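Report on the structure given below.
The values are calculated or read from the model by the stated rules, or taken from the named source; none is laboratory data. Being a predicted model, the structure only gives us computed values, none of them experimental. Backbone-built Cβ (ideal geometry, glycine too); neighbour counts: all protein chains shown.
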């Protein structure tokens, strides 16, 4: 695998930085880019999320073969993309409070893996690596919207 693909799969090396919690670190770093993401139109946000998912599937598949183990902890592009799914469709005016809540929801759903998230990670190659995080991002997005509606702070 080329160095370029490894850099993408590990989000520019984030996957190498910690012995545990690499995915949380990648999502946390992605959180700081969410402010720029929220400035974009809905169609641009959708394009970024779809492109991120496609790229994630491709580079994760290659990285998994290179690293020699299923969903290697160094592959963190899935968590990075997932944080953008958590905030897809939100506007720029979202407060840092809600950004933190969304981040925590995202990590909760990715770590706990309620149905069907756990089953999706068994898909082959990059599909299994990315799909569980896509659904975790969708769950986080829906729960965050419900919380904001009922608990708006």
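Residue-wise test of (1) at pLDDT 95 or above; (2) over 30 Å from residue 3 (Cα atoms); (3) buried (at least 20 other Cβ atoms within 10 Å of the Cβ); (4) out of contact with any helix residue (DSSP H, G or I) (no Cβ under 6 Å at 6 or more places or on another chain).
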| position | (1), (2), (3), (4) |
| --- | --- |
| 42 | yes, yes, no, yes |
| 49 | yes, no, yes, no |
| 61 | no, no, yes, no |
| 82 | yes, no, yes, no |
| 94 | no, yes, no, yes |
| 150 | no, yes, no, yes |
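A search for C-beta distances below 7 Å between a residue of the stretch 110-122 that is in contact (Cβ under 8 Å) with a residue 60 or more places away in the chain and any residue that is surrounded by 13 or more Cβ atoms within 10 Å (Cβ to Cβ), counting only pairs 6+ apart in sequence or on different chains, returns 110/23; 110/79; 110/82; 110/133; 110/136.
Restricting 118, 90 to those that are farther than 24 Å from residue 6 by Cβ and part of a loop (DSSP other than H, G, I, E, B) reduces the list to 90.
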